[in-house]
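The values are calculated or read from the model by the stated rules, or taken from the named source; none is laboratory data. This structure is a prediction, so every number in the text was calculated from the model and none was measured. We place every Cβ from the backbone using ideal geometry, glycine too, and count neighbours over all the protein chains shown. To get the accessible areas, we keep the full protein, side chains included, count just its heavy atoms, and leave off ligands, DNA and RNA. Shrake-Rupley method; radii C 1.70, N 1.55, O 1.52, S 1.80 Å.
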Number of protein chains: 4
Amino acid sequence: MGMVGGGLDAFIGTVHRIAANMDGLAELVCGAFSIDPEVGRLSGEALFVAPDRVYATFEEMIEKESKLPEDVRMDFVTIVTPNFVHFAPAKMALENGFNVVIEKPMTFSLEEAIELQKIVERTGLTLALTHTYSGYPMVKQAKAMINKGELGKVRKVIVEYPQGWLSRLSEREGNAGAAWRTDPKKSGKSGSMGDIGTHVAHLAEYVTGLRISELCADLHTMVEGRMLDDDGNVLLRFDNGANGVLVASQIAAGEENAISIRVYGEKGGLEWKQHDPNNLFVRLLDQPMQVYRTGNAYQEPYTLSSFATHNTRIPAGHPEGLLEAFGNIYRNFILTVSAKMNGETPTPEMLDFPQVGEGVRGMAFVDKVVESNQSSEKWTKVD
Amino acid sequence: MGMVGGGLDAFIGTVHRIAANMDGLAELVCGAFSIDPEVGRLSGEALFVAPDRVYATFEEMIEKESKLPEDVRMDFVTIVTPNFVHFAPAKMALENGFNVVIEKPMTFSLEEAIELQKIVERTGLTLALTHTYSGYPMVKQAKAMINKGELGKVRKVIVEYPQGWLSRLSEREGNAGAAWRTDPKKSGKSGSMGDIGTHVAHLAEYVTGLRISELCADLHTMVEGRMLDDDGNVLLRFDNGANGVLVASQIAAGEENAISIRVYGEKGGLEWKQHDPNNLFVRLLDQPMQVYRTGNAYQEPYTLSSFATHNTRIPAGHPEGLLEAFGNIYRNFILTVSAKMNGETPTPEMLDFPQVGEGVRGMAFVDKVVESNQSSEKWTKVD
Amino acid sequence: MGMVGGGLDAFIGTVHRIAANMDGLAELVCGAFSIDPEVGRLSGEALFVAPDRVYATFEEMIEKESKLPEDVRMDFVTIVTPNFVHFAPAKMALENGFNVVIEKPMTFSLEEAIELQKIVERTGLTLALTHTYSGYPMVKQAKAMINKGELGKVRKVIVEYPQGWLSRLSEREGNAGAAWRTDPKKSGKSGSMGDIGTHVAHLAEYVTGLRISELCADLHTMVEGRMLDDDGNVLLRFDNGANGVLVASQIAAGEENAISIRVYGEKGGLEWKQHDPNNLFVRLLDQPMQVYRTGNAYQEPYTLSSFATHNTRIPAGHPEGLLEAFGNIYRNFILTVSAKMNGETPTPEMLDFPQVGEGVRGMAFVDKVVESNQSSEKWTKVD
Amino acid sequence: MGMVGGGLDAFIGTVHRIAANMDGLAELVCGAFSIDPEVGRLSGEALFVAPDRVYATFEEMIEKESKLPEDVRMDFVTIVTPNFVHFAPAKMALENGFNVVIEKPMTFSLEEAIELQKIVERTGLTLALTHTYSGYPMVKQAKAMINKGELGKVRKVIVEYPQGWLSRLSEREGNAGAAWRTDPKKSGKSGSMGDIGTHVAHLAEYVTGLRISELCADLHTMVEGRMLDDDGNVLLRFDNGANGVLVASQIAAGEENAISIRVYGEKGGLEWKQHDPNNLFVRLLDQPMQVYRTGNAYQEPYTLSSFATHNTRIPAGHPEGLLEAFGNIYRNFILTVSAKMNGETPTPEMLDFPQVGEGVRGMAFVDKVVESNQSSEKWTKVD
């Protein structure tokens, strides 16, 4: 594993490293951790990376690693830079034969996303996109139950991602993460929708198996002086006739990462909340609510889906959190890559992580939300 | 207290009677309980109403009661009939000098609502509209805190009323309450928005003190064969620049009355949920969440608002529920009417119940939601 | 209904009046509200009681009411005085032919309780004891499910009543309720156990249908200067071999009335919490937890017990609270008394309220807890 | 890191490996994973351990590793065998200069524990005991707040560990973990108290800083045919005069690992629950409840303790779970060992993990609980 970005001052790099380490399946062997050489050097040292494999740029890293013996060089590249530096290293890595793990949103623009998809298809390599929240076991259980028809036809979907951390103009107060995320040159067309809206758009499509077909967006920049939207509400319509609502806000003061999804079908509804991730609330018509919990060995007809159990590390009663959900993406990515390397067919459970298609889908979502927001027409179609 | 509608087979009549009885301030003395004379008679008997004051029609009731001595006749009329029979008895009652309590939505149409408002203004009488949910102490506490500026300027409001009871075509299965509520001739222009959307539109405006100025609505009839919408999502804009979302659904399978309101301001956010009505969750920036609870004698600066304590009957730790919230509307209505009868000025706490203005506002909301739903323009202005 | 005690300055009087009023089945017609004649007079006035039926003493009240015509005089007496003034008015009322509602603990001493039981048996009259918490529908559902064997044989019971309101020496700071409750001459042998321990001892026996057969108590006076225990922990053994724990504390700082009961059997467990009274959490082995909620029309095999539905006033989704639970005791008491007056047999649902037997049981519990606390032997037998 | 026990069929081995891997500070280099050589071999293979460092016995492992060059050989030994195989490998490891991580309860008997303590003291090496639950950040926050006096003097402590997994006679149904845990020859004097009671006894003493000075225990074997107690209730008294209750049950049917602690002091109370580990509920007198949450950058006076933040990996809003709490013990152990190796003084935050003293304390607790259970005296002193 080699890392682009993720120097010691970047929170998301730590998350990736813990997630990758967790199962003992990957080891950080090299990195281009920072555009600041000193930060890069210190990061490498702190992370036990050999000094000669701490590179100044991703170009240097990919070039030099390519020339190392196969059993020495990195197996894949993790890209955790700001959005505008996703495409170039991903493209170069893939073209040099490296699989890729990439932070969401996948690219800066939809065009880049589509091009990346073509490269992935051409090279046959694997790209994992870290839409973390679909890595939780109870999210996978939700998907499995809907897929089995336990709710009947889906009628309504409500997804939310309320955060409050940009309630002030933090980008002017030395918050580096806030600075690039609110800068259209680094983040992309939309602030709230690119950074967090894509997460819950993905969640809605992942859990229901439906596709958003039309939307009506209302984006806002609620903090004066900010350069990108920090808040948005979107009406949704899905390809099966269901309707929905998506809320993504960075100015929902007091909220942390209160992601939630609710799905209502003909026969019942379900609810999942990220702050309480080991519970899945299932409400079937005419029955008491059932609370499914991670790791339980329920008996038929309640048995947890293989997709849930495959992504659980320890028995019931031991709370699993975001790092484990993140680790599930890494684990499934690595299992898939290993299977492919060994000429085996990955199982559906292994393949169950967000890939380049989801990345394109996310960028299209951002594009359409921005288009809708600028339109006085109520509805904007999504392909 | 005389009652129009609310015979033994109607759930809402029971609620009104319990709410009115609760504080020993009102007594049911007469009624036109049902269009079925036998149901009317049996209802009167069961409710300890003297047989000669069980009337066949509201016209007969108002006429005959008017002629009784002042200390014998009813003091006010409660109207709990389906929506299309709200206006006529309310008008007649007011014009005969009786104060009125009326179920929401106030009337069948906006036109009726406006006319009723004129009559109320002309007669100087009092009309209470039972938007129950603003009767909860913790909702009043939320309003008071926002009014005091504890959240700063309001930026975002999310209100929801998800129910699942119309997930099937119950109006064809002998459910009388479902039958009239889904019949456009009895219910009005909208099903979900008239029946429950108005409740949360009121809640949003009551709690924030803001007015909805624009909206973008998407209504649906999700159950085949139904004659009115049973589900809707509405984007909101408020007169201070805040934005919002309103969801009202009768096909949110598995939900009971999961009303909630979340308000986000510059300095913090708050949340209230009807299924957990004695808690108010307050999240100020940079502080742990605070949970305010009904009936507590907190000390400064946490002291509960006089509007909360005035509407609480018992000390902390004793859950109060919907009937008490309902009783608060009755109590404040009666206190206001009594004060006016005695030539006194009701206190702001007494006057704190939904009145004819809120009724007009609700009917305008329904009108505009339906108009928006039929429009391909994104935004529809609300006066 | 005539009331002994419960003048305007006493919270519990208000609770009784609201509970009795709620269903329109009872009317307050007379009272001996206070030993202070002026308080008594003002209370009567505020409560719409005719001045000539506001009495100075309970003796006067019972004597004079007895002489009124049957259709005028009070039907029953409610006793809401401090514990040491329970027995005398109850005895006199019963001996004069009046049914009785009485606050818990039923009497000052076990001896009084046993004597009262004999009088009740002799007179054939009805005595209701307001152990409010067993009036909640979901508590009744818990009892019904255990009774049906859904948990299998009960193995373990944990009941708690943590309060924090006596964390300071409030009895010296003008808190009248605290003053008599901590005064052994007015309250009885135990503070915490008489006032709140009896509630949860009752709850444990009511819900499980078992009887406490042995106990081991550890009582404490944690606030210096207090005259009675304000805190206690009790190990329990039940007559079927189950074990348990009872915690009752008035110095659990920050708690309101956090009553809870958990029962574990061979096949599953259940949990109920007073601060969230409309939920019953049922955990059967090998299944997701089920959450039963008040007022739902679940279908088989989940249908709510007739004991739960009989004690619910409104459909699902409308939170019911303590006043309704209290009202259930009044309603069942009145329905039972009416049935008996009419020569009918009350149904099991009507008879489902705490009566004189439960009152004796509570006083025996207090006695044995105090005895155990003073003993160095581990176990003290109950009957 | 070398491992004794923890072959692929043992859940706890996985937990240890994930926890140790998480921060990239340790690497599994050798192991004596199983008494079954084939399981050992397969485990080593699956865990990427070089075949020549997969040993048949812990004796072989310690002996051979001792002879490897310092920079090659393992740095510490992790012991995850059943209780009766804790002492011997721990002793041998320490005597050969290896630091030790050991599962709780630390040993089979109190005598072994005391001897181990002497060896630790003599060698100056470090022993970490995996009382996982005190590794959660919000538990550390609770300890810090109590230590700062925010609750005033502690008056009452309630700790619980209810599990339901032994509700049936699973030890006869092929459940290996159940088999040794219920076998007095492998587990020790007590089943429920050794396995889970020690966890919450530790939690009570860790959070409050108090010591249990007396106890009164009631242990039960509720499942017929079982050889050790599976359930127990213990009354506690602490060295400052506080009282408490400890409940540990393996037959609390339907419960997972519902560990909780509640502490009540003169000025307020607090509550923590393992199933919701990122929340700490703080209830100060006369104030709304405050909910402290992991990872937040609260401002004064709410700033999280350095002991909480040191043990948090990622910002607020990302749930951390049991594996992170476990990882905290490993991280602090490794940081402490490294500091000592480098001749530095570990910080108090580094030293904040359970050590040999806590292990002795736990074994003494088990001893005294069993002694008390067999006694008819109410109280048994704990030194």
Amide H proximity to D:H275 below 5 Å, modelled H, separation 5+ or other chain, gives D:I259
Sequence order, region D:275-290: Karplus ³J(HN,Hα) from phi using 6.51 cos²θ - 1.76 cosθ + 1.60, θ = phi - 60°, Hz rounded, Gly and Pro as x, gives 6, 9, x, 8, 10, 10, 8, 10, 10, 8, 3, 6, 10, x, 4, 10
For region D:268-383, one quarter of the surface area of the C-alpha convex hull, expressed in nm², comes to 11.1
Normalised per residue, the volume inside the convex hull of the alpha-carbon atoms of region B:175-231 in Å³ amounts to 91
Per the C-alpha gyration tensor (a ≥ b ≥ c, the square roots of its eigenvalues), region D:209-324 is rounded if a/c is under 1.5, else prolate if a/b beats b/c, else oblate; here it's oblate
Answer in debye to the nearest 20: the dipole magnitude of chain C about its Cα centre, from +1 Lys/Arg and -1 Asp/Glu charges placed on Cβ, is 860
Scalar couplings 3J(HN,Hα) for region D:123-133 by Karplus 6.51 cos²θ - 1.76 cosθ + 1.60 (θ = phi - 60°), nearest whole Hz, x for Gly and Pro, are 7, x, 7, 10, 10, 10, 10, 8, 7, 3, 5
To the nearest 20 debye, the protein assembly as shown has a Cα-centred charge dipole, built from +1 on Lys and Arg Cβ and -1 on Asp and Glu Cβ, of 0
Dimensionless Rg/Rh of region C:309-365, both radii on Cα and Rh by Kirkwood, sits at 1.06
Rounded to two decimals, the Rg over Rh value of the protein assembly as shown from Cα coordinates and the Kirkwood Rh reads 0.98
For C:M289, the residues 5 or more places away or on another chain with a placed amide H closer than 5 Å to its own amide H are A:V291
Here P(r) for region D:98-156, Cα-Cα distances in 5 Å bins, as whole percents, is 4, 15, 16, 16, 13, 15, 15, 5, 0
Number of Lys pairs in region B:12-125 closer than 19 Å at Cα, excluding neighbours under 8 places apart unless interchain, is 5
Carbon and sulfur atoms account, in whole percent of the 1.4 Å probe accessible area of region C:322-375, for 52
Region D:18-67 and region C:195-230 have their Cα centres apart by a whole-number Å value of 54
Taking the convex hull of the alpha-carbon atoms of region C:259-304 and averaging its shadow over every direction gives an area in square nanometres of 3.5
Interface residues of region C:7-36, defined as losing at least 40 Å² of accessible area versus the chain alone with a 1.4 Å probe, are C:F11, C:I18, C:N21, C:M22
The FRET efficiency for D:E59 and D:E344, from their Cβ-Cβ distance with R0 = 35 Å and rounded to 0.05, is 0.60
Here the correct list, in nm and shortest first, of distances from B:G97 to the same site in the other copies, label points 7 Å along Cα→Cβ, is 4.4, 10.0, 10.7
Listed by chain and number, the lysines with an alpha carbon less than 22 angstrom from that of A:K267, same-chain partners under 8 positions apart left out, are A:K140, A:K143, A:K148, A:K153, A:K156
Rounded to the nearest 0.05, FRET efficiency between A:Y302 and B:K118 (Cβ-Cβ, R0 60 Å) equals 0.50
Partner lysines whose C-alpha sits under 17 Å from that of B:K378, ignoring same-chain residues fewer than 8 away, are A:K368, A:K378, A:K381, B:K368
Chains D and C: accessible area buried, summed over both chains, 1.4 Å probe, nearest 100 Å², reads 3600
Within region B:1-91, DSSP-loop GluC sites (Glu not before Pro) with at most 12 other C-beta atoms within 10 Å are B:E70
Neighbours of C:L166 by Cβ distance under 10 Å: Lys/Arg at +1, Asp/Glu at -1, summed charge -1
By the Kirkwood definition, with r running over pairs of different Cα atoms, chain B has a hydrodynamic radius in Å of 21.4
Expressed in Å to one decimal, the Kirkwood Rh of region B:1-101 from all distinct alpha-carbon pairs is 13.1
Whole-Hz Karplus couplings 3J(HN,Hα) for region B:172-180, θ = phi - 60° and coefficients 6.51, -1.76, 1.60, Gly and Pro as x, run 9, 10, x, 8, 5, x, 5, 4, 6
Taking alpha-carbon centroids only, region B:121-162 lies from region B:311-332 a number of Å equal to 16
Under 5 Å from the placed amide H of D:S213, counting only residues 5+ away or on other chains, we find D:R237, D:F238, D:D239
Ranking B:M106, C:M341 from most to least accessible area with a 1.4 Å probe gives C:M341, B:M106
Ordered by number, the GluC sites (Glu not before Pro) in region B:110-180 that occupy a DSSP loop and have at most 10 other Cβ atoms within 10 Å are B:E173
Accessible-area order for D:F353, C:F48, A:F84, largest to smallest, probe 1.4 angstrom, reads C:F48, A:F84, D:F353
Whole-Å distance linking the alpha carbon centroid of region C:243-293 with that of region D:232-282 is 14
